[in-house]
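The values are calculated or read from the model by the stated rules, or taken from the named source; none is laboratory data. The shown structure was predicted, so the numbers you read here are calculated from the model rather than taken from an experiment. Here the Cβ positions follow ideal geometry from the backbone for every residue, glycine too, while neighbour counts run over all protein chains shown. SASA here: full protein model, heavy atoms, side chains in, ligands and nucleic acids out. Shrake-Rupley method; radii C 1.70, N 1.55, O 1.52, S 1.80 Å.
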Amino acid sequence: MDEGHRTIEALFDEARTFPPPPELARRAVVPTDAIYAEAEEDLDAYWSGKAERLVWRRRWDSVLDWSKAPFAKWFVGGTLNVTESCLDRHLGEHADRVAYYWEGEPGDRRTITYGELHAEVCRCANALASLGVGKGDRVAIYMGMVPELPVALLACARLGAPHVVVFGGFSADSLADRIDDAGAKLVVTCDGAWRGGAVVPLKEMADDAVARTPSVRHVVVVRRTGATVPMTPGRDVWYDEIVPDQRPERPATECDAEDLLFLLHTSGTTAKPKGIVHTCGGYLVGAAASHSMVFDLHETEDVYWCTADIGWVTGHSYVVYGPLANGATSVLYEGAPHYPDRDRFWEIVERYGVTTMYTAPTSIRTFMKWGDEHVAKHDLSSLRLLGTVGEPINPEAWMWYREVVGGGRCPIVDTWWQTETGGLMIAPLPGVTTTKPGSATLPLPGIAADVVDEEGHSVPLGQGGYLVITRPWPSMLRGIYGDDDRFVETYWRRFSVPEENRWVYFAGDGAKRDLDGYYWLLGRVDDVMNVSGHRISTLEVESALVDHPAVAEAAVIGRADAQTGQAIAAFVTLRGDREGDADLITELRDHVAAKIGKIARPASIVFTPELPKTRSGKIMRRLLRDISERRKLGDVTTLANESVVHEIAERAKGAPRAEA
Ligand code: WTA
């Protein structure tokens, strides 16, 4: 098994333990570990209890229907509209509580209360309805981090119209693919987004995409940067011309617990991204319960900041749905962490008195590299809890986060989960769990995980294998949109025993458990890379490269990188006798950015006359990884063309490595 770039031995050496701080434990949302046993004793009662925290129109008849496994139904017979839990119920007494402190990159600010958010969501829902959006219609959202972004998600949810958010860093091609896959009827976008002092031309890219997607009837455009953008009459509408005059009320559409809430596409091991299906009831139960327990949310005291973009699942569950369902006050920041200076994040923490911060290891490593002085400039004494997500966190970064950002007093919750799981799966409960730097610790109450070998047998503590989830959970994905076979094939075929009705979810990650049963995540075991916490498929990048007329063949791997976790390394053979040079490298990187998005641009490209292949023609990525990470080459005896690896190794030595 490929264990990525971490070895468990190295982790154990550094494993220190940090028990929960007593003052936090005393008043924690989850104050004792009895909850684990309670959940095991009666899972239905446990999940019912979590569901009862939300607003339902009709109570469910049964908690789980697993009779058609692996296709699950949760809270069967229940009906709700998720926005009633996220907005309406906070109105009365808490209408003036702040839902979001929003800060734009250029420095503009807005404070949005629950009352205001509710009104704006209703106005936006009315506007979308006036453009023909109704229950079940899919709406694509391609925006920057402006307040209208959560508003757009919630307006869709209000109408029972599933949203399909596409991260603003994706290209027009990627957007078109996702719109097409979803059959979206409407797109909400912006005239542009601020990022690092520059404008990302979202509207132009949306136009390019929509020109190819006949399902789209209207494009709603939020004015953000003031850039002049083309508007297609009859199709395009300015948000500020259609929303403000709408009535600030809109009855919420009653949805079945299992109605589609959203699709979110994620990279898999083929070139085509998967539209992950999440439904209303179970998803919100999972997001809300985990948010409250793991972030120990005291809603009237905490100021919570999840730095993720809403374009990713972390933003869906922990910027929008979880925090709002729990009545939290959140910070929403539009831009880059280095704009205008490298202390922007810490300035924000100080300004709003952030108590709980949730960010990615790649950001933490970047801050580490920038130096402690940027952190030290600000008073961060409001912080009491820190979270991380997206990739394995190395113990050094964990310790730096704890000591330099958290002043040594804030517990760190390292949270393992995925787009597919909808919510946190393996994470500490900060009032209960003793943490170890680099370990996501233990499965949450009610969640059953295991580490198994090739045959699916549980491996003893202290050993590594494949991370699996062995029983269903409320916020689990319900499928891959329009592709049931791929759903079963990707997640369930490998370790399930259908004859025995044993269904085992394969996460695609490697993990080891230590002798205390703690989980240490070791990275992906499939052809999915994790670059700065973003999932990118090697095959997707390969097909973008071979789409370029100069390229005959390409192989892509994720090589270990101290900053981004993994960096994209490409090996390319050219057509005919064309010679590769620096210009072509730039051209190919730009080509990938245009096909997928800037996040998928290879950090290095090595031209090679051939790729190392087995006799059956399979590219041996393992060897390319060895070369890229400058290791001794592994077994080359199965290669059809052994001499080529040595040549590639030579060429790779001199190859330039760009910042991604
Ligand atoms: C990785 C992001 C180690 C993992 C929420 C997973 C992690 C993929 C962690 C999902 C963590 C996420 N420790 N690895 N705490 N959190 N991962 O779908 O490989 O964008 O499978 O969801 O990120 O990425 P996704």
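Can you tell me the length gained on complete extension of the stretch R471 to D577, counting 0.36 nm per residue apart and subtracting the Cα distance?
32.7 nm
Extension gain for A271-A211 works out to 19.4 nm (0.36 nm per residue, less the C-alpha to C-alpha distance). Each helix, a run of at least 4 DSSP H residues, gives -39500 (n - 2.57); summed and divided by the residues of the chain, these come to -8000 deg cm²/dmol at 222 nm. Return the subset of K50/K73; K68/K185; K436/K512 for which the Cα-Cα distance in this structure is over 19 Å, preserving the input order. With Cα atoms farther than 19 Å apart: K68/K185. The label-point distance for D484 and E23, in a model that sets each label 7 Å from Cα toward Cβ, rounds to 5.6 nm. Considering only protein heavy atoms and a 1.4 Å probe, what is the carbon-and-sulfur percentage of the accessible area of the chain? Carbon and sulfur: 49 percent of the exposed surface of the chain. Extension gain, A45 to Q563: 0.36 nm times the residue separation minus the Cα-Cα distance gives 182.1 nm. Solvent exposure of region 301-416 amounts to 26 Å² per residue of accessible area, where only protein heavy atoms count and the probe is 1.4 Å. Dipole of the chain computed with +1 at Lys/Arg Cβ and -1 at Asp/Glu Cβ about the Cα centre; of S537, M368, L444, farthest Cα towards the positive end is S537. A cut-off under 12 angstrom between Cβ atoms defines the neighbours of Y518, and their net charge, with Lys, Arg +1 and Asp, Glu -1, is 0. Checking every one of the trypsin sites (Lys or Arg not before Pro) in region 613-660 against DSSP loop status and a limit of 12 other Cβ atoms within 10 Å picks out R615, K618, R630, R631, K632.
Counting charges near D191 (Lys, Arg +1; Asp, Glu -1) among other residues having Cβ under 10 Å from its Cβ returns a value of +2. FRET efficiency for E650 and K377, Cβ-Cβ distance as r, R0 = 51 Å, nearest 0.05? For E650 and K377, the calculated efficiency is 0.65. Averaging Cα coordinates gives a centre for region 183-203 and one for region 98-115; these two points are 19 Å apart. Between D240 and R657, the modelled labels are 4.6 nm apart [label points 7 Å from Cα along Cα→Cβ].
For the pair E587 and S643, what calculated FRET efficiency results from E = 1/(1 + (r/R0)^6), where r is the Cβ-Cβ distance and R0 = 30 Å, to the nearest 0.05?
0.55
Applying both filters, DSSP loop and at most 14 other Cβ atoms within 10 Å, to the GluC sites (Glu not before Pro) of region 509-616 gives E579.
Distance from the C-alpha centroid of region 551-610 to that of region 215-289: 33 Å, rounded to the whole angstrom. Return the whole-Å distance between the Cα centroid of region 82-97 and the Cα centroid of region 290-312. Comparing the Cα centres of region 82-97 and region 290-312, I get a distance of 17 Å. Can you compute the label reach from E52? Point 7 Å from Cα along the Cβ direction, backbone N cut-off under 18 Å, restricted to region 256-288. Inside the label zone: 282, 285-286, 288.
So if R0 is 41 Å, what FRET efficiency would R59 and L461 give, r being the distance between their Cβ atoms, rounded to the nearest 0.05?
Plugging the Cβ-Cβ distance into 1/(1 + (r/R0)^6) gives 0.50.
For region 437-511, the set of GluC sites (Glu not before Pro) satisfying both a DSSP loop assignment and a count of at most 13 other C-beta atoms within 10 Å is given as E454, E455. Summarising the label geometry, the points placed 7 Å from Cα in the beta-carbon direction at R110 and D96 lie 2.1 nm from one another.
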